[in-house]
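Derivation of every value follows stated rules applied to the coordinates shown; laboratory data play no part. Please read these numbers as outputs of a predicted model, since none were measured by experiment. In this analysis, Cβ positions are derived from the backbone assuming ideal geometry, glycine residues included, and neighbour counts consider all displayed protein chains.
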Amino acid sequence: MEAKAVLKYTRISPRKVSIVLDLIRNKPADYAMAILKHTPKAACEDLQKLLKSAMANAENNHNMDKSKLYISECYVCPGPILKRMRPRAQGRAFRIDKRTSHITLVLKEKAE
């Protein structure tokens, strides 16, 4: 049995999100929440909300025990890129890529 939460089209680069996901992978859900609260990264705010959502899904939809949950899978995929132009010298234009992410978090119950 597993509970899943997906966050799509987040306006943060997948590279920045994956750094934080590496910190919480295979950790108990409560411990992962504490890590996210005390890590000064931009992705932590979105990941905290996503983890809360996954925990609520586990408790309400799958009748799982909240204290036994751990993060079994967490990964990020690149979403669509917003392309913007920036004026440069001599009439040229440089492209700025504003990257988006699709983040997936899967919780499972620890078997004892």
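Run the helix sum for the chain: -39,500 (n - 2.57) per DSSP H stretch of 4+ residues, divided by residue count, reported at 222 nm to the nearest 500 deg cm²/dmol. Each step should come with its number before you reach the end.
Working: 3 runs with 39 residues, N = 112.
Counting only the DSSP helices, I get -11000 deg cm²/dmol.
Over the chain, what is the mean sequence separation of C-alpha contacts under 8 Å (at least six apart), divided by residue count, expressed as relative contact order in percent?
Averaging sequence separation for qualifying contacts and normalising by length gives 42 percent for the chain.
Give the residue list of trypsin sites (Lys or Arg not before Pro) in region 14-47 that are DSSP loop and have at most 16 other beta-carbon atoms within 10 angstrom.
Counting only loop positions with at most 16 other Cβ atoms within 10 Å, the trypsin sites (Lys or Arg not before Pro) in region 14-47 are ARG25, LYS41.
Between MET64 and residues 5 or more places away or on another chain, which pairs have amide H atoms under 5 Å apart, with H built 1.01 Å from N, and which residues are they?
Sorted by chain and number, the residues that satisfy this are GLU59.
At a Cα cut-off below 24 Å, give the lysines reachable from LYS8, other chains included and same-chain residues fewer than 8 away excluded.
Leaving aside lysines fewer than 8 places away in the same chain, those within reach of LYS8 are LYS16, LYS27, LYS37, LYS41, LYS49, LYS52, LYS83, LYS98, LYS108.
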